There are 2 protein chains.
Amino acid sequence: MTMSAQSLTQIKRNEAGNLFSGIEGCDSCPIRHRAVCSLCVGDELAALERIKFYRSFEPGQPIVWGGDRMDFVASVVSGVACLSQRLEDGRTQMVGLLLPSDFMGRPGRDVVAYDAVATTKVKLCCFRRQPFEEMIRKVPHLSQRLLEMTMDELDAAREWMLLLGRKTAREKIASFIAIIARRQAAIDAGPLNGRITLELPLTREAMADYLGLTLETVSRQINALKREGILELSGKRHVVLPEFARLLQEAGDDSDGGWIS
Amino acid sequence: MTMSAQSLTQIKRNEAGNLFSGIEGCDSCPIRHRAVCSLCVGDELAALERIKFYRSFEPGQPIVWGGDRMDFVASVVSGVACLSQRLEDGRTQMVGLLLPSDFMGRPGRDVVAYDAVATTKVKLCCFRRQPFEEMIRKVPHLSQRLLEMTMDELDAAREWMLLLGRKTAREKIASFIAIIARRQAAIDAGPLNGRITLELPLTREAMADYLGLTLETVSRQINALKREGILELSGKRHVVLPEFARLLQEAGDDSDGGWIS
DNA sequence: CGGTTGATTGAGTATTCTCAAGAGGAGTGG
DNA sequence: CCACTCCTCTTGAGAATACTCAATCAACCG
């Protein structure tokens, strides 16, 4: 099942029907300056290019299953993927939301710990695991950046734990929308005040799995916020926030609650 | 407030009344083979020794407050410390349980993100932050081990998220006791089946903050498990598990549920 | 022997879940 | 173009889990 880097000019398809090719360069890569490779230069980048290949996934398609062998690690180039953990009776908790530039997989471990599913069209920049692990050992620019990113993820996980353990359903929803707004603003480099428009990248069920709620509660709370004018809905996924600060107040966090503290 | 390494033969006290000294060597250190320094050898260890100092804390004493400046990072040598996050209205969620060999602090960040409190007598092996950060850059053995430990913590955080988001109060309690049993077994190198004895390192309130419950619910669930013979209590903190597998069944996890799968 | 802290227990409440029905949209095929 | 299906989402009613408030208990300490 090992997949070797492709150095062909044309695009091929693997067994699962995923597109992959090795022709794209790092120069024009949209996540070049934020991904695990962002500190790499010259030779280092060239070495990474030799062990990389791209794979794409359609919405709903599984990327890996927990327990499977995984022979690559990867950066999300575009799209959204979810990491989930499951109790045997089917209860599911999302434990990671992977957006562009986020890293997938754990160097030094060959078995996947969590299910990963594409929730939109996803493009991954994959690195063969063995040579990548070797580079981790030899290229400080790579291991430094990975350490930084892992610590960021740990911080995010801890924020998430506060949400799961202590926030009300209403606060969870408001917090989630705020998180999406922030991440979208970071990508688009847009401002984060006044009227904001965003697209929810998840179904109600996936949001429920993210927030530790049922999909019914998610639906009820979103519509409650809508009724109160804190958000406007067009369709099921498109959200407009007339006043971002009002949403933040509902999220229950300290910080930027609107007034100066 | 910068604290310099002590090279004195006698033990001193700082303003807070904490013991610290620089005389102890790494050779006899109880966490030498598991802490952040575990891969370091010879010169590397010597360099670490030059920037290290010990600090001790009494039960209940704060180690650092979220928002404070922090000029060191540290390994827990002995005792138990808790990392907590707080919502402005006082709701508290524990986000880290630091046992011996665990690492505290984030290289590259000078402001503390979470409150850290000693819950038992705690001894820290502290490293001055600036030189430690430099060593991270120059000593692969150090950054590799830190990366590994950070990834382990991320895995633990994600397991914890599953607990917070999806488990019932009863499962949370059972899971928590199982976690303590496992960590204690790992330290004592004891077996993990049949009759097991352990000490709860936290008060009911701290357990509640760990599990996203109220202290009353914690108390009720512990006593429910006691009534059903899944655990025995002597005093408030000392627990005996007559059959570890029965506890695991209550924890709701997959894996080793007693029967072979 | 009061005072304090941590833990237990009870009664009533509230938030969230469960189960169930139905609405709205997108895609398919006659 | 319409009926039909599938999927996601919404909404309602009742149930259950966990919370809140309050009283009591036990251990420890001055």
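The values are calculated or read from the model by the stated rules, or taken from the named source; none is laboratory data. Everything quoted here is computed from the prediction, not taken from an experiment. Neighbour counts run over all protein chains shown; Cβ positions are idealised from the backbone, glycine included. Side chains included, ligands, DNA and RNA excluded: accessible areas come from the protein's heavy atoms. Shrake-Rupley method; radii C 1.70, N 1.55, O 1.52, S 1.80 Å.
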Problem set entry | Amide proton proximity set for A:Val64, modelled H, under 5 Å, gap of 5+ | A:Ala116
Exercise. Longest segment of chain A with no trypsin sites (Lys or Arg not before Pro) in a DSSP loop having at most 14 other Cβ atoms within 10 Å?
Worked result: A:1-108
Exercise. Put the label 7 Å from Cα along Cα→Cβ for B:Val111; what are its distances to the other copies, in nanometres, shortest first?
Worked result: 4.2
Exercise. Which distances in nm, rounded to one decimal and ordered from shortest, link the label point of A:His33 to the equivalent label points in the other identical copies, with labels set 7 Å from Cα toward Cβ?
Worked result: 4.8
For this session: Please identify, among A:Ala186, A:Ala251, A:Ala81, the residue showing maximal mean-square fluctuation in a Gaussian network model of chain A using a 10 angstrom Cα cutoff.
Result: A:Ala186
Problem set entry | Structure-based [θ]222 nm, chain B - -39500 (n - 2.57) summed over DSSP H runs of at least 4, per residue, nearest 500 | -11500 deg cm²/dmol
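Using a 1.4 angstrom probe on the protein heavy atoms only, could you order A:Thr150, A:Thr119, B:Thr203 from most to least accessible area? Kindly include the intermediate steps, with their values, before the conclusion.
Details: A:Thr150 5, A:Thr119 45, B:Thr203 65 Å².
Accessible-area ranking of A:Thr150, A:Thr119, B:Thr203, largest first: B:Thr203, A:Thr119, A:Thr150.
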Problem set entry | Shortest-first distances to equivalent copies, position B:Gly194, nm, label 7 Å out along Cβ | 7.2
For this session: At 4 °C and 1.567 mPa s, grab the translational diffusion coefficient of chain B from Stokes-Einstein with a Kirkwood Rh over Cα pairs, rounded to a whole number in µm² per second.
Result: 66
Problem set entry | Sequence-separation-based contact order of segment B:86-211, relative, with Cα cut under 8 Å and 6+ spacing, percent | 35
Problem set entry | Computed FRET value (nearest 0.05) for B:Arg137 with A:Arg69, which takes r as the C-beta separation and R₀ as 35 Å | 0.55
Exercise. How about segment A:34-99: which GluC sites (Glu not before Pro) there lie in a loop by DSSP and see at most 15 other Cβ atoms within 10 Å?
Worked result: A:Glu88
Problem set entry | Cα radius of gyration and Dmax for segment A:36-91 (Å) | 15.2, 50
Exercise. Whole-Hz Karplus ³J(HN,Hα) for segment B:231-243, in order, using 6.51 cos²θ - 1.76 cosθ + 1.60 and θ = phi - 60°, x for Gly and Pro?
Worked result: 9, 10, 10, 10, x, 8, 10, 8, 10, 10, 9, x, 9
For this session: Wrap a convex hull around the Cα atoms of the protein assembly as shown, take a quarter of its surface area, and give that in square nanometres.
Result: 26.9
Problem set entry | Values of log10 I(q)/I(0), in the order q = 0.09 Å⁻¹, for segment B:12-153 under a Debye, Cα-only, solvent-free model | -0.26
Exercise. Relative contact order of segment B:167-251: what whole-number percent is it, with Cα pairs under 8 angstrom and at least 6 residues apart?
Worked result: 42
For this session: Using only Cα atoms, locate the centre of segment A:44-103 and the centre of segment B:171-244, then give the distance between them in Å, rounded to an integer.
Result: 35
